[in-house]
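Shown next, in C-alpha cells, is the structure this report addresses.
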Amino acid sequence: MKRLCTTLFIALTALSQFGHAAEHPGQSLVDKSCQQCHDNDIYTRSNSILNSFPELQARVEFCENAANAHWNETQINQVIDYLNISYYKFPKP
C-alpha cells in the first residue's frame, strides 16, 4: 500500500508539472499594458473594427504607441501573435 501511494504521488506530481501550458510571451504584455485602457471583452465584441491580420497588426502598433508601452519589434509581434491565436484567428498573409 505504501508503495502504491508513493507511485501515485510521483505520477501526480509529474502530471502537474507537465499539465500546465506555458504562458504565451505576448499575454503578459497584453495584461500589463492593454488592460490599462480596456478589458479582454474588446477582442470578442460582435462589432469588431478588425477584419484581417494586417488590421490587427496596425491596431496593435497604434495601441502600443497610445499606451506609451515602449515595446520593441519582437514584443509587438508577440502581442499580435497572442491576440491572433487567442481571439481573432485571422490567416497570416
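Nothing in this text is a laboratory measurement; each read-out follows from the coordinates by a stated rule. Everything numeric here is computed off the predicted structure, so don't read it as measured data. Reconstructed Cβ throughout: ideal geometry from the backbone, glycine too, with neighbour counts over all protein chains shown.
Only residues that are of a type in the set (S, T, N, Q), more than 22 Å from residue 41 (Cβ to Cβ) and crowded, with 16+ Cβ neighbours inside 10 Å: list them for the stretch 71-87, please.
Filtering the stretch 71-87 down to residues of a type in the set (S, T, N, Q) leaves 72, 74-75, 77-78, 84, 86.
From what's left, more than 22 Å from residue 41 (Cβ to Cβ): 72, 74-75, 77.
Of everything in the stretch 71-87, just one residue is of a type in the set (S, T, N, Q), more than 22 Å from residue 41 (Cβ to Cβ) and crowded, with 16+ Cβ neighbours inside 10 Å, namely 75.
Please find, within the stretch 24-48, the residue that is nearest to residue 60 (Cα to Cα) out of those that are in contact with an Asp or Glu (Cβ under 8 Å, 6 or more places away or on another chain) and either in contact (Cβ under 8 Å) with a residue 40 or more places away in the chain or not small (Gly, Ala, Ser) (or both).
Applying the first criterion (in contact with an Asp or Glu (Cβ under 8 Å, 6 or more places away or on another chain)) to the stretch 24-48 yields 24, 26, 33.
Within this subset, residues satisfying the condition of being either in contact (Cβ under 8 Å) with a residue 40 or more places away in the chain or not small (Gly, Ala, Ser) (or both) are 24, 26.
Values: 24: 16, 26: 11 Å.
The residue in question is 26.
Given the criterion without any contact (Cβ under 8 Å) to a residue 40 or more places away in the chain, within 16 Å of residue 31 (Cβ to Cβ) and among the acidic types (Asp, Glu), identify the matching residue among 55, 64.
On the way: 55 fails: within 16 Å of residue 31 (Cβ to Cβ).
Matching residue, one of 55, 64: 64.
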